[in-house]
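Following: one structure in structure tokens, then a few remarks.
Bear in mind that the values in this text are calculations on the coordinates, not laboratory data. The shown structure was predicted, so the numbers you read here are calculated from the model rather than taken from an experiment. In this analysis, Cβ positions are derived from the backbone assuming ideal geometry, glycine residues included, and neighbour counts consider all displayed protein chains.
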Amino acid sequence: MTRHRNQMLSRRGFCLCCLSAPAMVAGGWLTPRQAFAAAQGIVQLIKADAATAPIVVHRLRGNVAVLEGSGGNVAVLSGRDGKVMIDAGIAVSQPHMAAALAMLGPEPLTHLINTHWHFDHANGNQWLYLLGPRIVGHENTRKHLATLQRVEDWDYDFAPLPHDALPGTVFADSYGMKLNNTPIELQYYGPAHTDSDISVHLAELDIVHTGDTFWDGIYPFIDYSTGGSIDGQIRAADANLKLCTKDTIIIPGHGGPVSNRTELKNFRDMLVAIRENVATLKRQGRTLGEIVAARPTAPFDAKWGQFVIGPALFTKLVYEGV
């Protein structure tokens, strides 16, 4: 999904805007999770949007492109060794994604890297594996994709992928390849957005795909169901900052498909500030409802709170980890 389409999502009849402030129902306050689930199912909504969303191609340097429109931002490195995809998007995008891949050139898909297990980054494995790529990911990505996986904050159970759609090459800490005359360095962050996140660094091209450890201009989702935390998200942002210079092209998991170190630092500083605001209120003995009502994200909402993860839900996610 493009950011424009994502903003359109929040204005549809599903009323995802109810996540941006505490909602009142008979008998009391509607929690962010209840509001999220009541929005007719965020997973189904995102899949429905991906089924019709056009794929926008952004060409970067060194035969690298970003495909925007199917869940998370997908990167493709093309060359004589074939196409290398970083993330797979959502399976319902297959016709549009196949057309975009063909537009990049005739090379076959030979490698697919999953930055983590979430459906908007790895669900496309369901059709891409039929093209025969070597699928690479962290060992926890394979573990989660191989079993029924529940995300509590989405109130949703994800079915396992077919065996052949799972990463066949897995690693625990780091992994390196050289394809299309380009070294590709994969590095595990440790638990961050989930417990399966990796960075993909094309060092000679000075391009980094951060997966969902960086959401450009929007509040991130943090999946506590599979090992994520606000502190892990901050640690990952710090690791990304150390990896990048002012000239590095950064591909975030969501938000603007092409970003830079300045925006990454703004993201990290936002996380740190909101964490401190929420932690201070929690130390004072405030309840979650009271903390949401105090609007600890207020200084950042105009820029960061305009996507599906509204201020109330993001406050809840931070609260859970402090």
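Compute a Gaussian network model of the chain, connecting alpha carbons closer than 10 Å, and tell me which residue from 78, 199, 225 fluctuates the most.
225
Length gain on complete extension for the stretch residue 231 to residue 139, per 0.36 nm per residue less the alpha carbon to alpha carbon distance?
31.0 nm
Projected onto the charge dipole of the chain (+1 at Lys/Arg Cβ, -1 at Asp/Glu Cβ, origin at the Cα centre), which of 299, 78, 253 gives the Cα projection farthest towards the positive end?
Final value for the positive-end residue is 299.
Nothing charged except the Cβ atoms of Lys and Arg (+1) and of Asp and Glu (-1): what's the magnitude of the dipole of the chain about its Cα centre? Round to the nearest 20 debye. Don't skip to the end; give the middle numbers.
Values: 28 positive and 30 negative charges, 111 e Å.
Rounded to the nearest 20 debye, it is 540 debye.
If each residue's Cβ is checked for other Cβ atoms within 10 Å, how do 193, 201 rank with the fewest at the top? Write down the numbers at each step before the final one.
Values: 193 28, 201 22.
Arranged by neighbour count, lowest to highest, 193, 201 become 201, 193.
Within region 188-220, what residues put their amide N at less than 14 Å from the label point 7 Å along the Cα-to-Cβ vector of residue 173?
The answer is 188-190, whose backbone nitrogens lie closer than 14 Å to the label point.
Run the simple label-point estimate for residue 241 and residue 159 please: 7 Å along Cα→C-beta, distance reported in nm.
Rounded to a tenth, the inter-label distance reads 4.4 nm.
Expected output is a single nm value to one decimal: the length gained when fully extending between residue 99 and residue 301, i.e. 0.36 nm times separation in residues minus the C-alpha distance. What is it? Don't skip to the end; give the middle numbers.
Numbers: separation 202, 0.36 × 202 = 72.72 nm, distance 3.65 nm.
Using 0.36 nm per residue and subtracting the Cα-Cα distance, I get 69.1 nm.
Just to be sure I understand: with springs between alpha-carbon atoms less than 10 Å apart, which residue in 148, 166, 186 has the highest mean-square fluctuation in the Gaussian network model of the chain?
Answer for the Gaussian network model of the chain: 148.
Given 0.36 nm per residue, what is the gain on full extension from residue 130 to residue 294 after removing their alpha carbon distance, in nm? Before the final figure, lay out each step's value.
Numbers: separation 164, 0.36 × 164 = 59.04 nm, distance 5.05 nm.
Net length gain for the segment: 54.0 nm.
Name the residue farthest towards the positive end of the dipole of the chain from the options 66, 289, 201, assuming +1 on Cβ of Lys and Arg, -1 on Cβ of Asp and Glu, about the Cα centre.
Going by the Cα projections, it comes out as 289.
Taking only Cα atoms and a 10 Å spring cutoff, compute GNM fluctuations for the chain and point out the largest among 312, 75, 172.
172
Quick check: convex hull of the Cα atoms in region 223-322, volume per residue, rounded to a whole Å³? Let's see the in-between values first.
Details: hull volume 10.4 nm³, N = 100.
That works out to 104 Å³ per residue.
For region 272-322, which GluC sites (Glu not before Pro) pass both filters: DSSP loop (anything but H, G, I, E, B) and at most 14 other C-beta atoms within 10 Å? Could the numbers behind the result be given before it?
On the way: sites: 276, 290, 320; in loops: none.
Loop-located and lightly packed - none at all.
Dipole of region 3-320 (Lys/Arg Cβ +1, Asp/Glu Cβ -1, origin at the Cα centre): which of 179, 147, 313 lies farthest to the positive side?
313
Treat the count of other C-beta atoms within 10 Å as a stand-in for reagent exposure and order 156, 189, 319, 219 from fewest to most. Write out the running numbers ahead of the final one.
Working: 156 17, 189 26, 319 21, 219 30.
Least crowded to most crowded, the residues run 156, 319, 189, 219.
Kindly put 85, 270, 103 in sequence by how many other C-beta atoms sit within 10 Å of each C-beta, fewest to most.
Working: 85 27, 270 20, 103 11.
Going from sparsest to densest Cβ surroundings: 103, 270, 85.
How big is region 161-246 in terms of Cα radius of gyration and Dmax, in angstroms?
13.8, 41
How fast does region 3-320 diffuse by Stokes-Einstein, in µm²/s, taking the Kirkwood radius from C-alpha pairs at 10 °C and 1.306 mPa s?
Numbers: Rh = 19.7 Å.
Here the translational diffusion coefficient equals 81 µm²/s.
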